[in-house]
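Asks: Got a structure here, written out as structure tokens. Questions coming.
Coordinate-derived values only; no laboratory data. Worth saying up front: this structure is predicted, and the values here are computed from it rather than measured. Neighbour counts are summed over all protein chains in view; Cβ atoms, including those assigned to glycine, are modelled from backbone coordinates with ideal geometry.
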Number of protein chains: 2
Amino acid sequence: MNINKLKRIPSHIGIIPDGNRRWALNNNKDKHEGYEFGIDPGFKLYEACLALGIRELTFYGFTIDNTKRPAVQTKAFQKACVDAVMKLSNKDANLLVVGNSDSPLFPKELLPYANRRVHFGEGLININFLVNYGWNWDLSYNKKNSSNKKTSNLFSSLASSDISRIDLIIRWGGRRRLSGFLPLQSVYSDFYIIDDYWPDFREEHLFEALNWYQDQDITLGG
Amino acid sequence: MNINKLKRIPSHIGIIPDGNRRWALNNNKDKHEGYEFGIDPGFKLYEACLALGIRELTFYGFTIDNTKRPAVQTKAFQKACVDAVMKLSNKDANLLVVGNSDSPLFPKELLPYANRRVHFGEGLININFLVNYGWNWDLSYNKKNSSNKKTSNLFSSLASSDISRIDLIIRWGGRRRLSGFLPLQSVYSDFYIIDDYWPDFREEHLFEALNWYQDQDITLGG
């Protein structure tokens with residue numbers, strides 16, 4: 001396919017990078033060893049999206065529920081998130097980390113990026129990273145913290161209020177569910193599933209999703 | 001496939017019966033004529049779910065956004081919703097209609113069923129029907145209407161608070177999106193797409209979805 005001839009590209013893509021543990025088992029490793037192999041794929045995807053002119057990307061890092069997993073796994077995905085941000089700080093992006101940073105499960109190295117957008121280099125793309133995120137936490141956050149704001153714009157009361165509506169969500173690892181990924185920004189998102197596990201990411205996965213997306217009829221219910 | 005040997009069935013299935021207008025065009029009818037052909041499929045599905053022991057079904061009727069469509073279409077899907085409820089009132093089900101019943105776009109014939117569960121016959125299954133529903137309306141509803149309840153259970157503040165979490169969502173008509181369907185009840189739902197249009201419903205579609213669902217690994221993020 002000729003990726004330069006797409007009729008329409010999404011402004012904002014959500015990424016659910018699932019399958020790290022299953023990939024590890026398939027590659028004779030312990031489950032927790034899979035997460036570090038999920039970092040490079042993220043940067044390959046970032047480069048491909050920059051080249052295409054995508055304006056915003058949101059990555060699902062880990063959730064509050066995920067931290068109920070064995071400690072060795074929790075430590076491994078926390079470390080992978082920190083390593084990814086350190087690597088991104090040498091690139092060109094505007095980073096916003098969204099998650100419950102009041103909890104000890106939120107990596108302290110990421111506190112400078114929590115709930116405020118930080119600019120790296122030329123800031124060519126907005127990158128949102130969900131770290132110790134929970135849909136329930138997000139919706140209960142009420143940033144304004146004022147009861148008389150209750151009936152105003154719903155988005156403004158979210159912890160994720162600076163993350164825009166998502167056009168396309170791509171999930172790796174074959175599962176067909178959102179798993180709590182930004183429920184309000186996802187209400188009209190088109191949802192594309194890649195069966196391969198995330199560490200096996202190839203640029204063609206993205207192109208395949210974009211090729212499918214360009215032919216979707218976007219109505220927003222109208 | 002032997003539908004009696006399913007390892008696991010969902011308690012609650014969400015139904016997005018899309019493609020009525022496209023079906024009408026394919027069958028030499030005007031778009032709005034498609035909706036009435038969506039009623040019988042709903043009852044075929046209802047019978048099949050009763051036989052399987054499914055406990056709860058939620059049907060996407062129409063949304064507040066849908067009413068921006070041409071008046072002839074809006075009238076047609078409003079009528080189809082009313083006709084479906086009248087037909088259901090002769091069956092065995094506990095019906096709950098959820099939607100903005102304060103609006104003139106809410107069919108007045110359905111007011112007796114709005115936001116309270118009504119029992120028909122032997123009440124063998126809970127049926128929820130979204131009529132003039134909006135995700136934004138649902139989340140802004142705040143049934144308790146009390147500011148000091150803000151941080152308690154999120155679900156209790158929804159207009160749809162009596163609709164339980166959904167295990168499996170089946171969408172007809174090929175589109176891979178939720179289109180605002182109960183965003184909080186859908187956070188962990190598995191999502192199955194049927195390419196056929198809803199009026200072409202066959203029992204096999206349901207069986208195909210259930211056959212797929214039984215092999216999904218349900219983790220709820222853990």
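Asks: Arranged by the count of other C-beta atoms within 10 angstrom, fewest first, what order do A:Thr63, A:Thr74 take? Numbers along the way, then the final one.
Replies: Working: A:Thr63 24, A:Thr74 16.
The order, fewest Cβ neighbours first, is A:Thr74, A:Thr63.
Asks: Using a simple spin-label model with points 7 Å from Cα along the Cα→Cβ vector, what separation in nm is obtained for B:Asn27 and B:Glu47?
Replies: Here the answer is 1.7 nm between the modelled labels.
Asks: Moving on. For a quick check, take a GNM of chain B with Cα springs below 10 Å and name the residue from B:Trp23, B:Trp135, B:Trp212 with the largest mean-square fluctuation.
Replies: The residue that fluctuates most here is B:Trp212.
Asks: Give me A:Glu36, B:Glu208, A:Glu122 ranked fewest to most by other Cβ atoms within 10 Å of their Cβ, as a rough exposure proxy.
Replies: On the way: A:Glu36 18, B:Glu208 15, A:Glu122 10.
Lowest to highest Cβ neighbour count: A:Glu122, B:Glu208, A:Glu36.
Asks: Per-residue ellipticity at 222 nm for chain B, helices alone: DSSP H runs ≥ 4 residues times -39500 (n - 2.57), over residue total, nearest 500 deg cm²/dmol?
Replies: Values: 5 runs with 56 residues, N = 222.
Result for chain B: -7500 deg cm²/dmol, rounded to the nearest 500.
Asks: Oh, and also: Which residue fluctuates most in the GNM of chain A (Cα springs below 10 Å): A:Leu88, A:Leu168, A:Leu154?
Replies: A:Leu154
Asks: Averaged across B:77-88, how many Cβ atoms of other chains sit within 10 Å of each residue's Cβ atom? Don't skip to the end; give the middle numbers.
Replies: Working: counts 0, 0, 0, 0, 0, 0, 0, 0, 0, 0, 0, 0.
Across B:77-88, the average partner-chain Cβ count within 10 Å equals 0.
Asks: Quick check for you: which residues of region A:182-202 have the amide N under 18 Å from the point 7 Å beyond the Cα of B:Ser103 toward its beta carbon?
Replies: Counting only backbone N, you get A:187-188.
Asks: From the label point of A:Glu109, set 7 Å along Cα to the beta carbon, how far off in nm is each other copy's matching point, shortest first?
Replies: So the label point of A:Glu109 gives 6.4 nm to the other copies.
Asks: What ranking of A:Ile13, A:Ile218 emerges when the number of other C-beta atoms within 10 Å of each C-beta is taken as an exposure proxy, fewest first?
Replies: On the way: A:Ile13 26, A:Ile218 13.
So the ranking, lowest neighbour count to highest, is A:Ile218, A:Ile13.
Asks: Please compute, for peptide A:200-211, the average count of beta-carbon atoms on other protein chains lying within 10 Å of each residue's beta-carbon. Write out the running numbers ahead of the final one.
Replies: Values: counts 0, 0, 0, 0, 0, 0, 0, 0, 0, 0, 0, 0.
Averaged over the peptide's residues, the number is 0.
Asks: Going through the cross-link list A:Lys87/A:Lys108; A:Lys31/A:Lys108; B:Lys29/B:Lys108; B:Lys7/B:Lys44; A:Lys5/A:Lys91, which pairs have a Cα-Cα distance over 19 Å in this structure? Intermediate results must be reported in sequence, preceding the final value.
Replies: Numbers: A:Lys87/A:Lys108 16 Å; A:Lys31/A:Lys108 24 Å; B:Lys29/B:Lys108 28 Å; B:Lys7/B:Lys44 23 Å; A:Lys5/A:Lys91 27 Å.
Check vs 19 Å cut-off fails for A:Lys31/A:Lys108; B:Lys29/B:Lys108; B:Lys7/B:Lys44; A:Lys5/A:Lys91.
Asks: Once label points are set 7 Å from the Cα along Cα→Cβ at both B:Leu124 and B:Ser11, what is their separation, rounded to one decimal in nm?
Replies: 2.1
Asks: Right, something else. With the cut-off at 1.5 for a/c, could you classify chain A from its C-alpha gyration tensor as rounded, prolate or oblate? It would help to have the intermediate numbers written out before the result.
Replies: Values: a/c = 1.44, a/b = 1.04, b/c = 1.39.
It is rounded, given that a/c, with a ≥ b ≥ c, falls under 1.5.
Asks: At 7 angstrom along the Cα-to-beta-carbon line, where would the label on B:Lys68 sit relative to the other copies? Give the distances in nm, shortest first.
Replies: 3.9
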